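Asks: I have a structure I would like to understand better, so I am pasting it below and will then ask my questions one at a time.
The values are calculated or read from the model by the stated rules, or taken from the named source; none is laboratory data. Only a predicted model underlies this, so the values are computations on that prediction, with no experimental measurement involved. Cβ sites come from the backbone with ideal geometry, for glycine too, and all protein chains shown count toward neighbours.
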Amino acid sequence: MTEWLYWAQIAVGSAAALLNLVLALMGRLPSLVSVGANALVLLGLLIQLVTGAVLTAQGAPCKGDVVEFFGYVIVAILVPIGAVFWALVERTKTSTLVLAIAPFTVVVMVARMAQIWGPF
């Protein structure tokens, strides 16, 4: 895990969570903006998956268990996918709140991934 990617994922995830929380508090239904914010979070996680695989293949040291790290990455990828699926199936104000909770969950998981990987 690289430091710049970690901070980028924290920033994008926090911004997406805050944006969707504001939209949910305003009573907005899921839209291209709210779904797109979660798509950016997903893109960052896909980049993290590829980066982690390349670093592991090159022999980069991982402080914790590599399987646990990739388990977190894969489950974190499923979170925004599930939230967007929910928002598309059930277009209600609550779905926008789900779209706000998903990036926050990913931010917490990315922080844990950084702990598993080790110091930058």
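Asks: From the residues in segment 48-62 that are under 21 Å from the mean Cα position of the chain (by Cα) and of a type in the set (Gly, Ala, Ser), which one is surrounded by the fewest Cβ atoms within 10 Å (Cβ to Cβ)?
Replies: Taking segment 48-62 as the starting set, the residues that turn out to be under 21 Å from the mean Cα position of the chain (by Cα) are 48-56, 62.
Next cut, of a type in the set (Gly, Ala, Ser) only: 52-53.
On the way: Gly52: 22, Ala53: 12.
The residue in question is Ala53.
Results for (1) among the charged types (D, E, K, R); (2) touching a strand residue (DSSP E or B) at 6+ places or on another chain (Cβ under 7 Å); (3) surrounded by 15 or more Cβ atoms within 10 Å (Cβ to Cβ); (4) touching a residue at least 40 places away in the same chain (Cβ under 8 Å), shown as yes or no for each residue.
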{"site": "Val79", "(1), (2), (3), (4)": "no, no, yes, no"}
{"site": "Val84", "(1), (2), (3), (4)": "no, no, yes, yes"}
{"site": "Leu88", "(1), (2), (3), (4)": "no, no, no, yes"}
{"site": "Ala114", "(1), (2), (3), (4)": "no, no, yes, yes"}
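Asks: Moving on. For segment 1-109, please list each of the helices (runs of 4 or more DSSP H) lying entirely inside it that holds at least 1 residues being in contact with a Phe, Trp or Tyr (Cβ under 9 Å, 6 or more places away or on another chain) and farther than 19 Å from Phe120 by Cα.
Replies: Numbers: elements: 3-25, 32-57, 66-89.
Correct list: 3-25.
Asks: Looking at (1) closer than 20 Å to Val22 by Cα; (2) touching a residue at least 12 places away in the same chain (Cβ under 8 Å); (3) not hydroxyl-bearing (Ser, Thr, Tyr), which one does Gly118 not meet, given that it meets all the others?
Replies: (1)
Asks: Let me spell it out: the conditions are (1) within 15 Å of Trp117 (Cα to Cα); (2) β-branched (Val, Ile, Thr); (3) modelled with pLDDT under 95, and Val54 meets all of them except one. Which number is the exception?
Replies: Only one criterion is unmet by Val54, namely (3).
Asks: What's the number of the condition Thr92 fails, among (1) at pLDDT below 95; (2) out of contact with any Ser or Thr (no Cβ under 9 Å at 6 or more places or on another chain); (3) more than 26 Å from Ser31 (Cα to Cα)?
Replies: (3)
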